[in-house]
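Asker: Below you'll find the structure I mean.
The values are calculated or read from the model by the stated rules, or taken from the named source; none is laboratory data. Predicted model, so just to flag it, every value in this text is computed and none were measured. With ideal geometry, Cβ positions are generated from the backbone for all residues, glycine too; neighbour counts draw on all protein chains shown. Side chains are part of the model used for accessible areas, which takes the heavy atoms of the whole protein and leaves out ligands, DNA and RNA. Shrake-Rupley method; radii C 1.70, N 1.55, O 1.52, S 1.80 Å.
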Amino acid sequence: MKHSETFCRKHQLWMVATATWILQILSTLAASTPTPCPAAAPALVALPRRGAAALPWVLAEVAKAATEDEEVLSPDAANADSPWNKPRIYKAFRLTNGLRVLLVEDESMEQMDVALTLPFGQFDDPADRPGLAHLTEHLLLSEKDAGEDLETWLETRFGESNGFTAFESALFTLSCEASDWSSALPRFGRCFRAADADASDAADPRFVASSVAREVRRIDGEFMDGLSAQLRSLQLLRCRTVEGHPLRAFGPGSMKTLLPLGDRPEDLQRLAKLSQELFRSVAAENATLAIVAPVPIVQLRPVVADAFAGLAARAPRAAEPRTARSRADPLPAAETVAPCFVVDTKDDPAISFTWSIPFEANSADALDVTSFRASKPLVVLSHLVAHQGPGSLSAWLQRHGWLPENLGPKITAQSPFCTEGFAIWELKIKLSSSGLTNWRRVAACVFGVLAALAQRYVRDALGGPRRDLWRQAVDEVSTLADIAWRFPPRPPLASELANDMRQSKSSKAYVLQVRRLVAREEAGLAVVGRAARFTSSAAQEEATEALGKVFPSLTPRRARLTLATSATSARLGLWELRRRRDENLQLPFGELSFRRTEAAEWLTSGPASWWCAPPLNVYLSRADRINKPKAKPDPKIPESIKSKTGFNGVLWSEACRARLVPNAGASAIPEALWVVPGCVYVSGQFNERVEPLGDEPVVTLTLWLPAQNILDASPRSRAAGRMWLKSLQLALESPFYSAALAGCRWECAFFTTSPSEAGVRFSFQAFSDNLPRFATDAALAIGRHTGPAAEQLEVVRRMALAELTKGAAKGAAARRAEAELKSFLKQLRIEDVQQESQALWRSVDGASSQALVAGAISEEDAAELVRQVVSTLPISPGVTAPLAPLDPGPRPCAVLTRRPSWQGPVAQSLCRASGLPALLDVCGRAMK
């Protein structure tokens with residue numbers, strides 16, 4: 001520790017001793033002095049009379065005084081207008097050693113989460129010691145306190161710690177019970193204390209031969225359980241990186257790379273010294289710390305200041321600058337198309353394309369890393385290429401039968417990482433058996449689409465006027481990001497915050513910058529009001545400009561292709577495949593060089609003439625701050641319904657009530673309309689709940705239509721109904737892809753649980769301002785759908801059979817029924833499905849139907865919404881033999897409140913294809 005820091009700590013101890021002595025005197029005076037001296041200082045007047053009781057207060061004041069020299073960063077004005085702060089309290093400041101800290105007080109948490117980033121990574125490894133940074137990460141967490149390391153101490157308290165070494169930084173995390181926060185923080189902070197400059201290297205127990213030997217063995221065993229697809233892809237990327245680039249080195253490290261001559265004592269000691277020198281190059285001013293805990297910030301702050309004061313303010317030795325090679329392009333353009341790697345896999349066959357996007361600080365026409373990270377052009381590019389709407393790459397490949405027949409995304413695009421010198425962009429396409437055979441033609445389609453996108457101004461899918469595609473895509477992505485920002489699915493984790501802080505040097509953009517499209521000059525500005533909730537035009541212009549600078553790098557010469565398949569080389573025509581093996585992971589793969597004529601076809605191909613620009617997304621929500629109806633308790637509801645047992649399997653909050661809206665007329669459909677304003681249905685793991693709506697302006701519409709045809713359905717009718725439903729999902733997937741990205745969902749489900757619950761249920765969910773259009777459009781498409789098209793019949797049949805096989809029946813009777821159903825599925829014709837569809841709608845009893853609308857909507861608007869949806873469906877007010885009506889009762893019936901399966905285009909799965917999840921965090925979100 002430096003002399004000035006040592007003096008500061010001694011000064012703090014002197015203050016504590018002096019404060020204790022003053023307390024003893026005050027305790028004595030309090031017994032004889034009835035009132036304090038008028039001239040006494042305000043702080044002394046506020047002291048309790050009993051000195052012992054005042055000790056904690058004084059110690060807190062001393063700790064506060066000890067941090068007076070800390071730099072208190074500007075208030076997070078941008079975050080103040082975001083729901084990320086609700087119910088959280090954020091406090092950003094800088095310790096005296098330069099460490100940037102973000103404390104988050106969250107009373108809803110049950111544990112404390114801590115994340116620390118340090119500025120060293122795989123790109124800092126010496127050329128002859130790949131994996132040194134990873135080893136240093138392990139050694140730091142091996143620190144012992146009172147003979148017990150942090151991992152062992154946490155295990156006995158249901159906590160855990162972990163570390164992750166990226167290319168340019170290392171992340172350390174800790175989680176523990178909230179009751180252990182004051183003990184866990186000092187232990188965690190001690191792991192990163194700077195070594196005393198006056199002590200010998202051997203005095204630091206973290207960097208000794210025995211610790212090195214133990215941790216090298218742990219690193220070497222990390223890949224014993226097999227390789228993930230992500231790790232395999234990264235290792236293949238290393239194999240094709242240019243020689244001398246640090247990306248080519250095996251960054252995770254192994255026994256072979258760290259101790260090539262074995263674990264001899266002298267080699268272990270040398271490795272320990274190298275690791276210690278790497279850590280000594282770390283400075284607190286380049287590190288970040290984020291803590292989320294259910295602990296008041298006033299209590300957290302002094303403990304944090306003390307626990308992490310040991311992190312070196314400045315490195316004892318100057319850090320070796322990362323070589324220029326780490327900022328160079330790892331995948332430069334080849335003379336022709338680079339060889340394709342072929343890897344054997346048990347997964348579905350796929351072809352992937354990888355490009356590097358280099359940054360050049362001294363070129364006006366090149367990308368700048370700061371602007372690139374702020375404007376996020378690769379997110380926009382991924383959204384365009386992986387779009388699944390009409391006229392898209394996905395639709396074209398699907399039309400030719402080159403993609404799998406299942407629902408969901410078949411094309412994914414993303415940027416797995418971005419460094420100071422370059423970014424990587426990957427495009428992956430799942431292939432069918434036919435697509436695998438025609439993989440070269442699939443590659444030609446990809447290059448054609450990228451050439452078409454580079455033109456910026458393209459024709460409309462319907463033959464309309466040319467439009468600015470880049471700006472349209474930027475507008476859609478920024479709008480989707482704004483929605484997720486205003487109505488987040490969850491607050492950020494400590495690890496996310498710590499990494500956010502590395503990109504945002506200003507506290508005003510700690511959370512804002514990485515989750516939104518922002519302009520470079522906005523990163524450090526205080527953005528408030530509407531500007532904090534909507535992307536600025538300057539940010540959109542910067543993103544559009546950056547997107548244009550990306551396309552010159554996306555050429556066939558710069559592409560690196562990887563074909564993952566379990567098929568034989570002979571079947572694919574890979575006669576010239578050269579066998580190779582990665583020695584670090586013992587990963588076998590093949591290398592295929594393309595023929596000159598084949599490469600020339602790709603290099604000279606122009607824009608794909610069949611490709612059409614994605615249509616404007618008419619389902620984007622522009623909802624800002626809503627005036628949602630307030631939920632009020634209903635005093636007329638029986639206490640039995642308010643209890644935890646719920647009603648019809650649903651737990652109702654006392655703040656929510658369901659109102660039965662009177663019918664508008666004798667022939668009105670539905671017969672019963674329930675409205676639950678200001679509340680939302682939430683699907684839990686074990687039950688359903690109705691609770692007050694949060695900030696997200698979501699509305700759910702559920703429509704129940706009894707149908708005699710479903711009650712009397714024969715096995716043949718059930719098989720036809722299954723094919724109609726599956727063909728409906730397939731028919732609506734592409735047209736409503738944009739709606740799915742905007743958070744819209746739909747469901748169609750058959751119920752045959754009882755005579756009173758035999759019918760079809762439709763559910764629609766979206767934001768309050770776009771649900772009317774989405775629900776009406778979707779209902780219209782559902783009502784017009786009669787069955788699969790001729791070219792889709794066999795596809796739908798296989799999908800229906802596969803779904804039936806997936807859920808194997810139990811019991812002899814169930815298996816016989818399943819076998820009979822499969823038999824009919826194999827025999828059905830298009831006419832059979834169409835006839836079943838017509839019979840279904842004819843048997844619907846509109847007079848006995850019911851509807852439920854819940855969320856950010858008034859009773860009047862709910863009634864109008866239901867009227868619009870019902871008017872688009874081919875149903876009649878009644879039938880000759882009406883079904884047993886559902887008793888409305890005091891709450892909505894069970895069939896209205898059962899959890900939707902959301903079979904349609906679901907945002908949780910489809911957003912993976914759009915390139916948005918890293919930005920929006922909407923994949924798998926539990927949208928209410």
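Asker: Give segment 136-150 a look and list any residue that's within 20 Å of ALA209 (Cβ to Cβ) and open to solvent by less than 80 Å² (accessible area, probe 1.4 Å), or say none.
Answerer: THR136, GLU137, HIS138, LEU139, LEU140, LEU141, SER142, GLU143, GLY147, ASP149, listed by residue number.
Asker: Here's something else I'd like to know. Starting from segment 250-265, take each residue that is of a type in the set (Ser, Thr, Tyr) and list its partners that are part of a helix (DSSP H, G or I), counting only C-beta distances under 6 angstrom and pairs at least six apart or across chains.
Answerer: SER254/ASP220
Asker: May I ask you to list the residues in segment 370-416 that are hydroxyl-bearing (Ser, Thr, Tyr), under 17 Å from the mean Cα position of the chain (by Cα) and open to solvent by 10 Å² or more (accessible area, probe 1.4 Å)?
Answerer: Of everything in segment 370-416, those that are hydroxyl-bearing (Ser, Thr, Tyr), under 17 Å from the mean Cα position of the chain (by Cα) and open to solvent by 10 Å² or more (accessible area, probe 1.4 Å) turn out to be THR412, SER415.
Asker: Here is a follow-up. Hey, among PHE762, PHE750, which residue is closer than 25 Å to VAL795 by Cβ, among the aromatic types (Phe, Trp, Tyr) and open to solvent by 20 Å² or more (accessible area, probe 1.4 Å)?
Answerer: Selected residue: PHE750, the only one of PHE762, PHE750 that is closer than 25 Å to VAL795 by Cβ, among the aromatic types (Phe, Trp, Tyr) and open to solvent by 20 Å² or more (accessible area, probe 1.4 Å).
Asker: Taking interchain pairs and intrachain pairs at least six residues apart, which have beta carbon atoms under 9 angstrom, with the first residue in segment 730-756 and over 16 Å from PHE767 (Cα atoms) and the second assigned to a strand (DSSP E or B) and at pLDDT below 85?
Answerer: Listed pairs, sorted by first residue: PHE751/GLU757.
Asker: Within segment 660-689, how many residues turn out to be more than 20 Å from PRO488 (Cα to Cα), open to solvent by less than 50 Å² (accessible area, probe 1.4 Å) and either of a type in the set (S, T, N, Q) or modelled with pLDDT of 70 or more (or both)?
Answerer: Count: 10.
Asker: Name the helices (runs of 4 or more DSSP H) wholly within segment 395-503 that hold at least 3 residues that are out of contact with any Phe, Trp or Tyr (no Cβ under 9 Å at 6 or more places or on another chain)?
Answerer: 469-486, 494-503
Asker: Right, something else. Got at least one residue in segment 266-284 being farther than 20 Å from SER211 by Cβ, assigned to a helix (DSSP H, G or I) and at pLDDT 90 or above?
Answerer: Yes - at least one qualifying residue is present in segment 266-284.
Asker: Would you be able to tell me the number of residues in segment 271-282 that are open to solvent by less than 10 Å² (accessible area, probe 1.4 Å) and among the aliphatic types (A, V, I, L, M)?
Answerer: Total meeting the criteria: 3.
Asker: Can you tell me which residues in segment 163-195 are touching a residue at least 60 places away in the same chain (Cβ under 8 Å), farther than 23 Å from SER281 by Cα, small (Gly, Ala, Ser) and open to solvent by 30 Å² or more (accessible area, probe 1.4 Å)?
Answerer: Of everything in segment 163-195, just one residue is touching a residue at least 60 places away in the same chain (Cβ under 8 Å), farther than 23 Å from SER281 by Cα, small (Gly, Ala, Ser) and open to solvent by 30 Å² or more (accessible area, probe 1.4 Å), namely SER182.
Asker: Next question. Could you check VAL895 against (1) over 30 Å from SER392 (Cβ atoms); (2) open to solvent by 30 Å² or more (accessible area, probe 1.4 Å); (3) modelled with pLDDT under 90 and say which number it fails?
Answerer: Failing condition for VAL895: (2).
Asker: Another question, then. List the residue pairs whose Cβ atoms are under 8 Å apart, where the first residue sits in segment 598-616 and is farther than 30 Å from SER734 by Cα, the second is open to solvent by 40 Å² or more (accessible area, probe 1.4 Å) and of a type outside the set (Ser, Thr, Tyr), and the two are 6 or more positions apart or on different chains.
Answerer: Every condition considered, the pairs that remain are GLU598/ARG440; LEU603/ARG557.
Asker: State whether the residues of segment 855-865 include one that is in a loop (DSSP other than H, G, I, E, B), surrounded by fewer than 18 Cβ atoms within 10 Å (Cβ to Cβ) and without any contact (Cβ under 8 Å) to a residue 60 or more places away in the chain.
Answerer: Checked segment 855-865: no residue is in a loop (DSSP other than H, G, I, E, B), surrounded by fewer than 18 Cβ atoms within 10 Å (Cβ to Cβ) and without any contact (Cβ under 8 Å) to a residue 60 or more places away in the chain.
Asker: So LEU651 passes all but one of these: (1) at pLDDT below 70; (2) within 33 Å of the chain's Cα centre (by Cα); (3) not in a loop (DSSP other than H, G, I, E, B). Which condition number does it fail?
Answerer: Here LEU651 clears every test but (1).
Asker: Can you tell me which residues in segment 829-854 are part of a loop (DSSP other than H, G, I, E, B) and among the basic types (Lys, Arg)?
Answerer: Across segment 829-854, the qualifying residue is only ARG829.
Asker: If you don't mind, there's one more thing I want to ask. Going by the conditions given, is ASP125 farther than 24 Å from VAL295 by Cβ and at pLDDT below 90?
Answerer: Criteria not met by ASP125.
Asker: Let me ask something else. Based on what the data block shows, is GLU107 part of a helix (DSSP H, G or I), of a type outside the set (Phe, Trp, Tyr) and surrounded by fewer than 20 Cβ atoms within 10 Å (Cβ to Cβ)?
Answerer: No: the conditions fail for GLU107.
Asker: Let me ask you something else. Checking ALA509 against (1) surrounded by 22 or more Cβ atoms within 10 Å (Cβ to Cβ); (2) at pLDDT 85 or above; (3) aliphatic (A, V, I, L, M): exactly one of these is not met. Which one?
Answerer: Status for ALA509: all satisfied but (2).
Asker: Can you spot a residue in segment 565-576 that is crowded, with 16+ Cβ neighbours inside 10 Å, modelled with pLDDT of 90 or more and either within 22 Å of TRP355 (Cβ to Cβ) or of a type in the set (Asp, Glu) (or both)?
Answerer: No.
Asker: Given the conditions (1) open to solvent by 30 Å² or more (accessible area, probe 1.4 Å); (2) free of Cβ contacts under 8 Å to residues at least 40 places away in the same chain; (3) of a type outside the set (Phe, Trp, Tyr); (4) farther than 30 Å from ILE424 by Cβ, report the number of the one that LEU154 does not fulfil.
Answerer: Here LEU154 meets the rest and fails (1).
Asker: Output the number of residues of segment 695-723 satisfying the condition of being over 19 Å from ALA758 (Cα atoms) and open to solvent by 30 Å² or more (accessible area, probe 1.4 Å).
Answerer: Count: 1.
Asker: Another question, if that's okay. Quick one: would you say GLU836 is within 21 Å of SER727 (Cα to Cα), surrounded by 15 or more Cβ atoms within 10 Å (Cβ to Cβ) and at pLDDT below 90?
Answerer: Answer is no for this residue.
Asker: Shifting gears a bit: Quick test for you: out of GLU107, GLU148, pick the one residue that is at pLDDT below 90, more than 29 Å from GLU243 (Cα to Cα), among the acidic types (Asp, Glu) and within 25 Å of the chain's Cα centre (by Cα).
Answerer: GLU107
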